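The values are calculated or read from the model by the stated rules, or taken from the named source; none is laboratory data. Remember, it's a predicted structure, so these values are computed and weren't measured experimentally. A quick note on method: Cβ atoms are made from the backbone with ideal geometry, for glycine too, and the neighbour counts reach across all protein chains shown. For accessibility, only protein heavy atoms count, side chains too; no ligands or nucleic acids. Shrake-Rupley method; radii C 1.70, N 1.55, O 1.52, S 1.80 Å.
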Amino acid sequence: MDATYGKVTEDIALALKDIVGEKNFLFRDEEKLKPFGMDTLSLLTGELHIPDVVVKPGETSEVSKIMKLAGKYKIPVTPRGAGTGLAGSAIPVYGGIVLSLERMNRILEINPVDRVAEVEPGVITNELCKKVLEQGLMYAGYPMSTESSFIGGNVATNAGGGKVIKYGNTRKHILGLEVVLPNGEILELGGRFRKSTWGYDLMQLMIGSEGTLGIVTRVTVNLISGGGSSIDLIVPFPDAHTAVQAVSKVIVDGNILPVAVEFMDRLSLTQSAKYHDIKVPFADREDAGAYLIIQLHGSTPEELEQTYEKTGEICLENGALDVFVAENRRDSENIWKVREEYSQGLGLLGKRIYSNPGDFVVPFSKVPAMIDELKRLETKYNMLIPTVGHIADGNLHTMFIKPDEVPDESWLDLAKGIYNEMTDAAIQLGGVGSGEHGIGVLKKPLFLKTKSPMEIELMRGIKKTFDPDNILNPGKIFS
Ligand SMILES: Cc1cc2nc3c(=O)[nH]c(=O)nc-3n(C[C@H](O)[C@H](O)[C@H](O)COP(=O)(O)OP(=O)(O)OC[C@H]3O[C@@H](n4cnc5c(N)ncnc54)[C@H](O)[C@@H]3O)c2cc1C
């Protein structure tokens, strides 16, 4: 631990307990504290830092009091949502206080006239989606973890997911934030308006800052019409290159903007189908090396039909082996289950897997080159790299399957090295190391290596302005 940080003494712990109440406070109980020392990354890499104390405030005023107390004694504070993060951003690497937002989970208002919802940060994203749909409205944020992650965590990581191609990532859906600064001050940023040229946009700076600049305590989200209907297609291709070409043709020549275009390679799809015991169309086609799951939207049934027929035709003209249109809800749910929960299927292979998902993004024109790069790595290391992803965004997720000849003890280091090599390649192709999962602790060294010293210096300056003592989520991004 950094010598400049204070320790959580018995007195400080008592003061924290007074703020949140005994039921919402964990101290000196390693078993109970442990789950707050990890996130999803830990399940993959074992990264764990047990905090000294966990507090679960129920109100913004309590968050403010906690930050004032932490500031006074220079104790590190790590904000925490649902802990589904994949970059270790919620792991309290310097111990101290974990501030869990799980109790701040109310949908405060849905306003159809302003087309906004006001929510607390601990609301599960899909709960918000379901509630606004009851009023004919849609919240368009859609990380694949929508049923488990919190809206506050989505804001802090600028979560992406399956529908970014049409609707954009989380920052496109946020109109206002209430945040508690490291010094305990409460700040209102943005509001119920959709345009503003009214000074620097500090709200957008907060989004994606991984809990290093402020704690989000209320979110105003933008809502759009939930009308019309959608349909899902599954389209097999001989290989990934052909699939990529077809996506481009659908969007550019067909003038069709799908809601989602998800990519799965054959291994990921067939294993996932097996795991979930779902019969996926074309899963048994030996000539299919790559699959696209395409979701389309239409305002009327006629428009939807025209759109999916045209999409299917364009795919077939551009190398698709066949097209399946999911005519009922069950088929659609099955297709998405196979995509969203694909990783379990790879577990059936009975091999060790480095499943820390690569999350790089490349320009769409470079997706074929990046796929070649993954093939090169497969050959070089004699291993399989199953790949899925949000292909229309150029954002792919990979896993590494340990070759039998690599000893268990050296696997983690080797996999980390390959991970860096892969991410480096994406950056060389004009991309970035993370499209949605964030930097956290995982990508910090690569991030520092690939950003210009000037940009890092400016970021450090911003961090210092917000958090001069570096108490809020230290050890992340670059700190
Ligand atoms: C199966 C699975 C699928 C996934 N799919 C996607 C996907 O498609 N797209 C995608 O983008 N991500 C995806 N993720 C990653 C993860 O779900 C997202 O990063 C999500 O936004 C994290 O939300 P959380 O509530 O779990 O946050 P946590 O993991 O708890 O925290 C993440 C970061 O946000 C900070 N934070 C959390 N709440 C607050 C707050 N109120 N104020 C300030 N900082 C805060 C934390 O300090 C940390 O830095 C997936 C994860 C899993 C396990």
Tally, over region 352-399, of residues that are open to solvent by 20 Å² or more (accessible area, probe 1.4 Å) and either among the hydroxyl-bearing types (S, T, Y) or part of a strand (DSSP E or B) (or both): 7
V132 vs. criteria open to solvent by less than 40 Å² (accessible area, probe 1.4 Å) and within 14 Å of the ligand (Cβ to nearest atom): no
First in region 297-315 and among the hydroxyl-bearing types (S, T, Y), second anywhere and surrounded by 14 or more Cβ atoms within 10 Å (Cβ to Cβ) and in a helix (DSSP H, G or I), Cβ under 8 Å, 6 or more apart: T311/V250
Filtered residues of region 135-164 (kept if within 13 Å of the ligand (Cβ to nearest atom), more than 17 Å from E178 (Cβ to Cβ) and in contact with a Pro (Cβ under 7 Å, 6 or more places away or on another chain)): S149, A159, G160, G161
Selection count, region 34-56, where residues are of a type in the set (A, V, I, L, M, F, W, C) and free of Cβ contacts under 8 Å to residues at least 40 places away in the same chain: 1
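Matching residues to (1) under 28 Å from V259 (Cα atoms); (2) touching a Leu at 6+ places or on another chain (Cβ under 9 Å); (3) in contact (Cβ under 8 Å) with a residue 24 or more places away in the chain:
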{"residue": "N158", "(1), (2), (3)": "yes, no, yes"}
{"residue": "K163", "(1), (2), (3)": "yes, no, yes"}
{"residue": "I174", "(1), (2), (3)": "yes, no, yes"}
{"residue": "E178", "(1), (2), (3)": "no, yes, yes"}
{"residue": "R194", "(1), (2), (3)": "yes, yes, yes"}
{"residue": "W198", "(1), (2), (3)": "no, no, no"}
{"residue": "G211", "(1), (2), (3)": "no, yes, yes"}
{"residue": "G214", "(1), (2), (3)": "no, yes, yes"}
{"residue": "N222", "(1), (2), (3)": "yes, yes, yes"}
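Out of V119, V93, I need the residue that is within 14 Å of the ligand (Cβ to nearest atom) and over 30 Å from L14 (Cβ atoms). Which one?
None of the other options fit; the residue is V119.
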Filter result (open to solvent by 40 Å² or more (accessible area, probe 1.4 Å) and within 16 Å of the ligand (Cβ to nearest atom)) within region 306-345: K337, E340, E341, S343, Q344
Residue ID - farthest from K476 (Cα to Cα), chosen from residues in region 10-50 that are in a loop (DSSP other than H, G, I, E, B) and away from the ligand (no atom under 15 Å from the Cβ): G21
Hits in region 279-305 (condition: closer than 18 Å to N318 by Cα and open to solvent by less than 10 Å² (accessible area, probe 1.4 Å)): A288, A290, Y291, L292, I293, I294
Residues located in region 343-382, provided they are modelled with pLDDT under 95 and under 20 Å from the mean Cα position of the chain (by Cα): S343, Q344, Y354, S355, N356, P357, G358, D359
All positions within region 86-100 that are touching a Lys or Arg at 6+ places or on another chain (Cβ under 7 Å) and either open to solvent by 70 Å² or more (accessible area, probe 1.4 Å) or within 25 Å of F447 (Cβ to Cβ) (or both): A87, S89, A90, V98, L99
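Within region 397-417, can one find any residue that is of a type in the set (S, T, N, Q), under 19 Å from E341 (Cα atoms) and touching a His at 6+ places or on another chain (Cβ under 8 Å)?
Taking every residue of region 397-417 in turn, none turns out to be of a type in the set (S, T, N, Q), under 19 Å from E341 (Cα atoms) and touching a His at 6+ places or on another chain (Cβ under 8 Å).
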Condition check for L349: more than 14 Å from the ligand (Cβ to nearest atom), in contact with a helix residue (DSSP H, G or I) (Cβ under 9 Å, 6 or more places away or on another chain) and in a loop (DSSP other than H, G, I, E, B): yes
Scan of region 263-293 for residues that are in a strand (DSSP E or B) and of a type in the set (D, E), ordered by number: D265
Number of positions in region 70-119 that are in a helix (DSSP H, G or I) and touching a Pro at 6+ places or on another chain (Cβ under 9 Å): 2
Filtered residues of region 422-449 (kept if open to solvent by 60 Å² or more (accessible area, probe 1.4 Å) and over 19 Å from G389 (Cα atoms)): Q428, P445, L448, K449
